Amino acid sequence: MEPTNVSDPRYYHKVVDCQWACPAHTNVPEYIRLIAQGRYTDSYMLNRVSNVFPGILGRTCDRPCEPACRRGRVDGKPVAICRLKRVAADLRDDVRDRLPQVPAKKNGKRVALVGAGPSSLTVANDLMPLGYECVIYEKLNQAGGLMRYNIPAFRLPHSVLDEEVDNILNMGVDIRYGTPVASLKGLLDEGYDAVFIGSGAPKGKELDIPGRWDSKTVHIGIEWLGSVHFGHIEKIEPRVLIIGVGNTAMDCCRTSKRLGGTDIKVIARRSRQYFKASPWELEDAEEEGIEIVENHAPKRFVVEQGRLVGMEFERLEWTEEGGRQKSRVLETVVIPCDAVILAIGQENAFPWIERDIGLEFDPKWDMPIVDKQTFQSTRPGVFFGGDAAWGPENIIWAVEHGHQAAISIHNHCQGVPVTERPPDGMNLVSAKLGMHAWSYHNDYNPSPRAKMQHEELVKRFSDVSVEVELGFTPEQTAHEVQRCLNCDIETHFTDRLCIECDACIDVCPVNCLTIAPERGSEAELREHLSAPATNAAQALYVSPPLPQTKRLMLKDEDICLHCGLCAERCPTAAWDMRKFDLIRPYAGRSAS
Amino acid sequence: MTSILKPPVIHPSLPKNALGLTRRDYEGAMSTLCAGCGHDSVTAALVQAFWELDVPPHRAAKMSGIGCSSKTTAYFMRQSHGFNGVHGRMPSLATGANAANRDLVYVGVSGDGDSLSIGLGQLCHAIRRSVNLLYVLENNGVYGLTKGQFSASADVGSTSKKGEANEQPPIDPVLLALSLGATFVGRSFSGDKAQLVPILKAALRHRGFAFVDVISPCVSFNDHVGSTKSYRYTREHYESLAPVDFVPVRQEITAAQDAAVTTVRMHDGSLVRFRKTDDTYDPTDRDAAYAHVRKHQEVGEIVTGLLYIDEDARDLHALNHTATTPLVDLPYADLCPGNTALQALQDEYR
């Protein structure tokens, strides 16, 4: 067995489950500790380094970090990471003097950015401080992209959005509102050094079944949300059906509730376990009295005298056959309604990109071919990111795309190959302060996950802009920060110091340590531990042979609580708790 | 010492015993011994042994005297009965408790000071009386609690932390127990749970005085170069006897016996199996056991393993014809038959 190489930043990074799962690799445990210390502004700024929009994401993020959170494996409920981010954003001071400084002297390179959504804004955020001149082309009259016109104000207040978007635009970005790009060729001809396309996936999917075009009350979800945002639509009929059960469907049904809808149903083809919407968004919708109907496949719109009166569905039963889901029609039902909103997905549309400018499209999907690592298209100097690159994702992915594309653009403009990616770095410093004093709070806090307080129902339906989530109270925050297990305070082992006294093994509350003889494979070792390491997704640490018996120190990373008892009980400090800091490179800033 | 208590979280794949309990359920208070103390490993081995034997914690009693070793009874089986007594007097307490209630499982934990100095006489008589007890001697060769003076088990030539060599010959607890007639004698090492746990399990099932000497290094005062009871020295001079398997009654294997296995059947039907003995060592021959330990001692080797076992011996209850029912379960009329019965008894002696 090869000993584990802990000098590779990836090993300890993977132990920090939340940071590993976050597309932008935000340093979650550190920002939670900063909140615990009341250093909200520092916490916000640490967030901003990687995710750029802490206030927005603290309310709207899809939270890939939370299902990954170690605490979920320990007591079933992950730390409320996302809403703690909001705490930092809500309670911070003015950060304007701490934002990246933009040099007065430009570097002479000009970059065009198509669309003012999160990916383009991130590119501008990374490139402006390096002296680039960034020009954003936005077809609408406000910046923010889907963050503005797709996410309703009751989830994301405009003031929060405006401030974080303006923090970037105020770096001196040349933003041209109401200026859709009609031709990429034309844009390229203007002589930009690089072009970044972050125009999103702006086309809602159509449902072309009988009766679709026979009434005026069938809407496309994202367009309808946009119209609500811009004030073109102010009310909706009482009985509304939402087709689709993703997060856009949740925004549509809840917005309908605020515009006069009284009987609102969300219709799903399949059963709940296959829903695309995040569980918490489903819960929030149901709390507002929205009914979710499973296993119904739309067949036709029922229109009488030009007026939509209902929609016909086939009620399905799903069975699994040879690993594939198969459906059987049980009956046909008509659900009466006055309006239908289609929220069955989004598509990309690039009618404005010429197909003869050396930018290849995948013939099957009619999507541009974009390199997964460099975000460059087949035409050097043209980059894609966000939903425009590979179809709909979410905001945090768009931000990460922006960071990576910015590295590529910087390389491209400096004559460095875009494939030359700066590696991640790390800092690893002992957290020991004294005999049994650590630079973090190592005691396990058994508190249950804090429950977000919501605005009362009557009040929240009074206006579409009344924010539903009220944020954590100071007491809730104080408890929730202590639920974090501090996974970034790593258990670091120095094999040559070990005297094999077994103290660490005996004290470990979760039996994650074992000293055992070498075996042929990791799979075999995993079976022969103090407690078998059954979660193969989590790493097994394997030490070099120990000095006295040549056996190996093994650690199952799965549910280590990072309580530091192994280090406290170690007589020779072979185990030490060390604070791990992942250092990520950004455009013009290497990790070293 | 540790700054926090053990978090009340367990690994999801942590196995359960026949009582539905995990090892964590057999733990006690948080240890306040030095980090790396061998005694904590002995504690963990006791936890493991009691858990594997499915002993209900409330059916066990823990006895101890004074010393680092004697603190350890607080660190396992918090639900058990216990008595922490006067220095060196644990055997008397155990004898009394054992006489009063034969149905509990008894474990006494002592150290080299508690057993071989102030309590030597107590130990000898407990052996002689064959008290039904697992007696664990956590042996580190120093008085750790008073900062590392040589104890009665310190070897000649072993040096103190400051470099001074010991000149007085030691008392070897294993030879002592063998010569006094102990019916179960073992020696092991806190750093070798693979050997220690099966020995402890067999000892807990032994009817009579089960003596286990455990080399348990003092990490603060006797783990330096020059010490003969350090982790490194013990490992380098370790002479392990036949590895021992303890086979409880319900797991008895009926397959053909391996010729290289010596099996001793315990009084309750469980088995102790001694594997791959490369010499003709016979664990039921007291004289041979004594000679074997002496022979290896001459060349500086520490013999470990289950050294001697006699399953036919009589224990305290058999020797003293005690009541078969624990006193606590006797009806009051039987326990205290009254003045008439007392008079009748006294008349017998007149």
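The residues of the stretch A:9-31 that are among the charged types (D, E, K, R) and more than 16 Å from A:Val429 (Cβ to Cβ), listed by number, are A:Arg10, A:Lys14, A:Asp17. The residue list B:Phe76, B:Phe50 contains one member that is buried (at least 24 other Cβ atoms within 10 Å of the Cβ) and within 14 Å of another protein chain (Cβ to nearest Cβ), which is B:Phe76.
When residues in the stretch A:564-574 are screened for being in a loop (DSSP other than H, G, I, E, B) and open to solvent by 10 Å² or more (accessible area, probe 1.4 Å), 4 of them pass.
Would you confirm whether any residue within the stretch A:122-129 is open to solvent by 40 Å² or more (accessible area, probe 1.4 Å) and of a type in the set (S, T, N, Q)?
No, every residue in the stretch A:122-129 fails to be open to solvent by 40 Å² or more (accessible area, probe 1.4 Å) and of a type in the set (S, T, N, Q).
Looking for whichever is open to solvent by 50 Å² or more (accessible area, probe 1.4 Å) and of a type in the set (Gly, Ala, Ser) here; the options are A:Gly117, A:Gly108, A:Gly72. Which one fits?
On the way: A:Gly117 fails: open to solvent by 50 Å² or more (accessible area, probe 1.4 Å); A:Gly72 fails: open to solvent by 50 Å² or more (accessible area, probe 1.4 Å).
Within the list A:Gly117, A:Gly108, A:Gly72, the selection yields A:Gly108.
Determine if the stretch A:527-543 includes at least one residue that is among the β-branched types (Val, Ile, Thr), in contact with a Ser or Thr (Cβ under 7 Å, 6 or more places away or on another chain), more than 9 Å from chain B (Cβ to nearest Cβ) and under 20 Å from B:Ser190 (Cα atoms).
No: the stretch A:527-543 contains no residue that is among the β-branched types (Val, Ile, Thr), in contact with a Ser or Thr (Cβ under 7 Å, 6 or more places away or on another chain), more than 9 Å from chain B (Cβ to nearest Cβ) and under 20 Å from B:Ser190 (Cα atoms).
Within the stretch A:259-304, being among the β-branched types (Val, Ile, Thr) and within 24 Å of A:Thr319 (Cα to Cα) holds for A:Val266, A:Ile267, A:Ile292, A:Val293. Is the stretch B:112-122 home to any residue that is out of contact with any Phe, Trp or Tyr (no Cβ under 8 Å at 6 or more places or on another chain), surrounded by 24 or more Cβ atoms within 10 Å (Cβ to Cβ) and within 20 Å of B:Phe76 (Cα to Cα)? Looking through the stretch B:112-122, at least one residue is out of contact with any Phe, Trp or Tyr (no Cβ under 8 Å at 6 or more places or on another chain), surrounded by 24 or more Cβ atoms within 10 Å (Cβ to Cβ) and within 20 Å of B:Phe76 (Cα to Cα). Regarding the stretch B:22-36, can at least one residue be identified that is more than 10 Å from chain A (Cβ to nearest Cβ), buried (at least 23 other Cβ atoms within 10 Å of the Cβ), within 15 Å of the chain's Cα centre (by Cα) and outside any strand (DSSP E or B)? No; the residues of the stretch B:22-36 include none that is more than 10 Å from chain A (Cβ to nearest Cβ), buried (at least 23 other Cβ atoms within 10 Å of the Cβ), within 15 Å of the chain's Cα centre (by Cα) and outside any strand (DSSP E or B). Checking each residue of the stretch A:445-459 against the condition of being part of a loop (DSSP other than H, G, I, E, B), within 14 Å of chain B (Cβ to nearest Cβ) and surrounded by 20 or more Cβ atoms within 10 Å (Cβ to Cβ) gives no match.
Which one of B:Ser41, B:Ser3 is within 12 Å of chain A (Cβ to nearest Cβ), of a type in the set (Ser, Thr, Tyr) and open to solvent by 30 Å² or more (accessible area, probe 1.4 Å)? If you could, list the steps in order and put the result at the bottom.
Details: B:Ser41 fails: open to solvent by 30 Å² or more (accessible area, probe 1.4 Å).
The match here is B:Ser3.
Annotation note: of A:Lys432, A:Lys364, the sole residue that is more than 21 Å from the chain's Cα centre (by Cα) and closer than 30 Å to A:Thr572 by Cβ is A:Lys432. With respect to A:Thr374, determine if the residue is more than 14 Å from every other protein chain (Cβ to nearest Cβ), of a type outside the set (Asp, Glu) and either under 30 Å from A:Ala153 (Cα atoms) or not in a loop (DSSP other than H, G, I, E, B) (or both). When the stated conditions are applied, A:Thr374 does not pass them. In the set (1) over 29 Å from B:Asp245 (Cα atoms); (2) open to solvent by 10 Å² or more (accessible area, probe 1.4 Å); (3) within 14 Å of chain A (Cβ to nearest Cβ), B:Lys16 fails one condition alone, (1). Assessment of the stretch A:507-515 against the conditions (part of a loop (DSSP other than H, G, I, E, B), away from chain B (no Cβ under 14 Å), at pLDDT 95 or above and within 38 Å of the chain's Cα centre (by Cα)) yields no matching residue.
Of the helices (runs of 4 or more DSSP H) lying entirely inside the stretch A:1-106, the ones with 1 or more residues being more than 14 Å from chain B (Cβ to nearest Cβ) and within 15 Å of the chain's Cα centre (by Cα) are found at A:17-21, A:28-36, A:40-51, A:54-60, A:65-68, A:81-91.
The values are calculated or read from the model by the stated rules, or taken from the named source; none is laboratory data. Because the structure is predicted, anything quoted here is derived from the model rather than measured. Note that each Cβ is placed from the backbone with ideal geometry, even for glycine, and that neighbours are counted across all protein chains shown. These accessible areas exclude ligands, DNA and RNA; they are computed on the full protein's heavy atoms, side chains included. Shrake-Rupley method; radii C 1.70, N 1.55, O 1.52, S 1.80 Å.
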